[in-house]
Amino acid sequence: MNSVFLLRLAFDLTAAALLLFGLSYWWLGNAAHELAGTAMFLLLVVHTVFNRRFYGRIAKTRREARDLFNLAVILALLVAMAMLLVTSVLISNALPDILSSFGGFTVRRIHTLAAYWALVIVAVHLGLRWPLIMGVTRSLLGLSAPNPGRSWALRLAALAIAIHGVWSAFELGLGGKLAMQVSLDWWNFETSVAGFFIHCVAVAGLCMAVTHYALKWLQRRERTARTA
Ligand code: HEM
């Protein structure tokens, strides 16, 4: 497999991990949070350079479910990441005070809102690339072409993660965070650190699984409609 492509995927994985670290502000503390966020944005610049051809192809995007949905998700990512970046600069403790004088309570709330939406949208973005990620994992592990037994085991694992993800969404109070509700109900990192990350990963797994299987179903419908 092309080593540049593997490096790209390693960068993507690191960016996703840094997003999760960023969410654990009350565990990391401010300095580590700002460093993790800066590193994530630098990786996203690299990600955009690697994927620059996508933007040149937008005008020619086919009117098929996957392509249109993919485009909408990338636009949503652009908005969420831009909100995250602008609010980060405004509330930063490391940057000069002149900027942070614009950052108040509302800006902090918008920052949190954008961060939790980023978790959901990045997971949908990965769900759209699930066959690619599975293919790469299979070849790195030296496994043969897809086999029905393994596929079913993976489907059952995806179902278990999705069910866990529903529970995790309640445990994290995700609905309130995505609706920008004011709450002092933050995760207690003194009780468990791993628990927070497991819940975040399960929510991401839920979004990936729903995206992947919903898209498979839509594409099957499109194919049936075309042959009919
Ligand atoms: C932590 C955040 C992100 C992760 C983990 C991630 C992951 C991925 C992966 C695995 C791919 C396919 C492999 C590759 O090209 O590297 C991809 C493609 C892509 N990503 Fe991201 N991504 C993230 C954020 C973003 C953001 C913020 C944008 C832009 C707003 C973006 C735009 C794109 C585009 C345009 C493609 C190519 C899409 C296509 O050809 O259909 N990604 N991403």
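Going by neighbour counts of Cβ atoms within 10 Å, the residues I58, I133, I91 line up, fewest first, as I58, I133, I91. Considering only T48, G165, L35, and ranking their Cα positions along the charge dipole of the chain that arises from unit charges at the beta-carbon of Lys, Arg, Asp and Glu, the one farthest toward the positive end is T48.
Among T87, T137, T112, the order by Cβ neighbours within 10 angstrom, fewest to most, reads T137, T112, T87. For segment 42-74 versus segment 125-200, the spacing of their alpha-carbon centroids is 24 Å. Projected over every direction and averaged, the convex hull enclosing the alpha-carbon atoms of the chain yields 15.4 nm². Ordering A194, A204, S139 by Cα displacement along the dipole of segment 97-228 toward the positive end leaves S139 in first place; charges were set at the Cβ atoms of Lys, Arg (+1) and Asp, Glu (-1). Going 7 Å from the Cα of L6 toward and past its Cβ, which residues in segment 122-136 have a backbone nitrogen under 13 Å from where you end up? Within reach of a label on L6: 136.
Of the DSSP H helices in the chain, those with a Cα length along their own long axis of 18 Å or more and a mean Kyte-Doolittle hydropathy reaching 0.0 comprise 3-23, 30-50, 65-91, 105-127, 148-171, 194-227. Under a model in which nothing but the beta-carbon of Lys, Arg (+1) and Asp, Glu (-1) is charged, segment 28-159 shows a dipole of about 700 debye around its Cα centre. Mind checking the dipole of the chain: about its Cα centre, +1 per Lys or Arg Cβ, -1 per Asp or Glu Cβ, Debye to the nearest 20? So the dipole magnitude of the chain works out to roughly 1380 debye.
Overall, the anisotropy analysis places segment 168-211 in the oblate class: the square-rooted eigenvalues a ≥ b ≥ c of its C-alpha gyration tensor yield a/c not less than 1.5, with a/b not exceeding b/c. Label-to-label distance for F41 and E222 is 3.5 nm, based on points extended 7 Å past Cα in the beta-carbon direction.
Rule-based calculations on the coordinates, nothing more; no lab input. Fair warning: this is a prediction, and the values are worked out from it, not measured in the lab. Please note: Cβ atoms are built from the backbone with ideal geometry, for glycine as well, and neighbour counts cover all protein chains shown.
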